[in-house]
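Following: one structure in structure tokens, then a few remarks.
The values are calculated or read from the model by the stated rules, or taken from the named source; none is laboratory data. Not measured: the values here are computed from a predicted model. Note: ideal-geometry Cβ built from the backbone for every residue, glycine included; neighbour counts use all protein chains shown. What goes into the accessible areas is simple: the full protein's heavy atoms, side chains included, and nothing from ligands, DNA or RNA. Shrake-Rupley method; radii C 1.70, N 1.55, O 1.52, S 1.80 Å.
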Amino acid sequence: MATRGLIRIFDDKDKPLVCCYNHLDSYPEELGQELANFLSEFEIINGITFDTSNKKANGMKCLAAQLIAYFKLGIGRFYIYPIDTKDAGQEYEYHIKLKDNKIILSCPEIEFEGYPKDFKNYLDLYNKKWDIEAQD
């Protein structure tokens, strides 16, 4: 059975821009980590630059378009849903926001909110915590 997920991207005023539905492998170790890897290299700028040394996005709308282009590899799996979608059968949600001109990734189901570069370390600690609690 597929593990479904939603990705919500917000503008710099915390207003929803887009909601994306991912049909497969939406676990934090899969989709969450792929999102973190993708986002961790991005810098949000205001304006267009021809500097190709780093990943840049001209605001959150530009970042949203780049994220969709990255994940949409062909037919199926990744879809655009209405921004007010509440229940798509998702087990995980990922929120992408801008705070102090830095990208913030959150996944409420594992209580993570922080910089994408910190996602893997948090996830490792979170999984260890659950492994210890499962042994008790």
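A few points about this structure:
- When the C-alpha to C-alpha distance is required to be over 18 Å, the pairs from Lys15/Lys120; Lys55/Lys117; Lys56/Lys99; Lys61/Lys102 that qualify are Lys15/Lys120.
- Mean-square fluctuations from a GNM of the chain, with a 10 angstrom spring cutoff on Cα atoms, peak among Cys62, Cys19, Cys107 at Cys62.
- When trypsin sites (Lys or Arg not before Pro) are flagged only if DSSP places them in a loop and at most 10 other Cβ atoms lie within 10 Å, the longest unflagged stretch of the chain comes out as 14-85.
- Counting DSSP beta bridges with both ends in the chain, the antiparallel % (nearest 5): 65 percent
- Each 10 Å bin from zero up to the one holding the largest Cα-Cα distance in the chain carries the following percent of pairs: 11, 42, 34, 11, 2, 0.
- Cut-off 12 Å between beta-carbons: net charge of the residues surrounding Phe10, Lys and Arg +1, Asp and Glu -1: +3
- Near Leu17, the amide H atoms lying under 5 Å from its own belong to Ile9, Phe10, Asp11; only residues 5 or more places off or on other chains count, and H is placed 1.01 Å from N.
- With respect to the chain, whose longest principal axis is taken over its alpha-carbon atoms, helix 119-135 is tilted by about 10°.
- Per atom type, the chain shows carbon and sulfur on 51% of its accessible surface, probed at 1.4 Å.
- Residue of Asn22, Asn58, Asn46 that the Gaussian network model of the chain assigns the largest fluctuation, springs spanning Cα pairs under 10 Å: Asn46
- Note that the chain presents 62 Å² accessible area per residue, ligands and nucleic acids not counted, probe 1.4 Å.
- Where labels lie 7 Å past Cα in the beta-carbon direction, separation of Glu34 and Lys15 in nm: 3.1 nm
- Over the chain, relative contact order from alpha-carbon pairs under 8 Å, at least 6 apart, %: 31 percent
- Inverse mean reciprocal Cα-Cα distance (Kirkwood Rh) of region 1-77, Å: 13.6 Å
- Low-density loop cleavage sites - GluC sites (Glu not before Pro) in region 28-136, where at most 15 other Cβ are within 10 Å (DSSP): Glu41, Glu91, Glu111
- Karplus 3J(HN,Hα) series, Hz, for region 80-85 with 6.51 cos²θ - 1.76 cosθ + 1.60 (x for Gly, Pro): 9, 10, x, 5, 9, 4
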